[in-house]
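Undergrad: Attaching a single structure in structure tokens format; questions to follow.
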Amino acid sequence: MRITRPALLLTALALFLAAYLVVRFDDPVPPAVPVVFLVALALPSYIALVRWLGPARGIALLLLLSILPLAVEAYAVATGVPYGRFTYSADLGYRVFGLVPWTVAFAYLPMLLGAVTLAAAAAGTAWWRLVPAGVLVLLFVDLVVDPAAVHAGLWVWTGGGAYYGVPVSNFVGWALTGAVYIALFRLIAGARSIPGTVAASLLLILAFWTGYLTRNGLVIPALLGAALALATLPIIVEDDTSR
């Protein structure tokens, strides 16, 4: 499967319009719908990563960076460390340890992959550049996604927070865990140039949530989402590294 810029742009536009005009999280939907949606959004980046690294290394990286964040998320829900106290309030699939929907693995990893790809495009793949740059991009992504998810009622922070209901502790936790995950990515993937198509899913996620944020008047995260999406699109090109 070749991932082309026109196809991604059209899909991103469709997701933006769907979120802006159609999607209502207060309307009941069959439980399978959000599960299929999250998995489908993740697939473009997963496919691009496996094509780049090869099946063995690519699948191993996907499994590691799916299982580890899921375990950390479960620990965070149970203890409040490292993100702060919060609970999932929506039906997003079977809950691992009774705490975290298994679909969280498909929701988080595409954002991480996109952040690493953007960081590598801007700063290179050297350790001392990739990790801090990747953490910075990941934090900007969270400034878009977390307010949207809180507004949609997907999860709730105990006591709320200063940034659209999200506490500062969440962003500290994202920085700490993100640094670890990006370092693991670099360790397994090596120093090779990362194809832009690995960020394809991030573009789609940003388009969807930016549409939702725009409709609901969450101005700052909506503007950040639009800026990140525009920054992501140019690096996603059709080339030999995505085959």
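The values are calculated or read from the model by the stated rules, or taken from the named source; none is laboratory data. Please read all numbers here as calculations on a predicted model, not as lab measurements. No Cβ is skipped: glycine too gets one built from the backbone with ideal geometry, and neighbour counts run over all protein chains shown. Remember, those area values only see protein heavy atoms, side chains included, never the ligands or the DNA or RNA. Shrake-Rupley method; radii C 1.70, N 1.55, O 1.52, S 1.80 Å.
Undergrad: Please verify whether LEU113 is part of a helix (DSSP H, G or I), open to solvent by 10 Å² or more (accessible area, probe 1.4 Å) and on the phi < 0 side of the Ramachandran plot, treating the condition exactly as stated.
TA: no
Undergrad: Continuing with this model, one more query. Among THR177, THR241, THR214, THR210, which is modelled with pLDDT under 95 and outside any loop (DSSP other than H, G, I, E, B)? Working first, answer last.
TA: On the way: THR177 fails: modelled with pLDDT under 95; THR214 fails: modelled with pLDDT under 95; THR210 fails: modelled with pLDDT under 95.
After ruling out the rest, the residue left standing is THR241.
Undergrad: Among the candidates LEU70, LEU139, LEU143, LEU130, which residue alone is of a type outside the set (D, E, K, R), closer than 22 Å to ALA189 by Cβ, touching a strand residue (DSSP E or B) at 6+ places or on another chain (Cβ under 8 Å) and part of a helix (DSSP H, G or I)?
TA: Just one listed residue meets the conditions, LEU70.
Undergrad: How many residues are among the small types (Gly, Ala, Ser), within 18 Å of ALA199 (Cα to Cα) and over 19 Å from the mean Cα position of the chain (by Cα) if we restrict to the range 17-75?
TA: Going through the range 17-75 one residue at a time, the tally reaches 1.
Undergrad: Which of the residues belonging to the range 155-174 are at pLDDT 95 or above, out of contact with any helix residue (DSSP H, G or I) (no Cβ under 9 Å at 6 or more places or on another chain) and open to solvent by 30 Å² or more (accessible area, probe 1.4 Å)?
TA: Answer for the range 155-174, where residues must be at pLDDT 95 or above, out of contact with any helix residue (DSSP H, G or I) (no Cβ under 9 Å at 6 or more places or on another chain) and open to solvent by 30 Å² or more (accessible area, probe 1.4 Å): VAL168, SER169, VAL172.
Undergrad: If GLU73 meets every condition in (1) without any contact (Cβ under 8 Å) to a residue 24 or more places away in the chain; (2) among the charged types (D, E, K, R); (3) open to solvent by less than 60 Å² (accessible area, probe 1.4 Å) apart from one, which number is that one?
TA: Failing condition for GLU73: (1).
Undergrad: Let me ask something additional. Which residue pairs have Cβ atoms under 7 Å apart, sit 6 or more places apart or on different chains, and have a first residue in the range 6-25 that is in a helix (DSSP H, G or I) and crowded, with 16+ Cβ neighbours inside 10 Å and a second that is of a type in the set (Ser, Thr, Tyr) and at pLDDT 95 or above?
TA: From the range 6-25, the pairs are PHE16/THR210; ALA19/TYR212; TYR20/THR214.
Undergrad: Still on this model: Filter the range 73-91 for residues that are aliphatic (A, V, I, L, M), in a loop (DSSP other than H, G, I, E, B) and over 12 Å from ASN170 (Cα atoms) and give the result.
TA: Initial filter on the range 73-91 (aliphatic (A, V, I, L, M)): 74, 76-78, 81, 90.
Restricting the remaining residues to those that are in a loop (DSSP other than H, G, I, E, B) gives 81, 90.
Passing the criteria: only ALA90.
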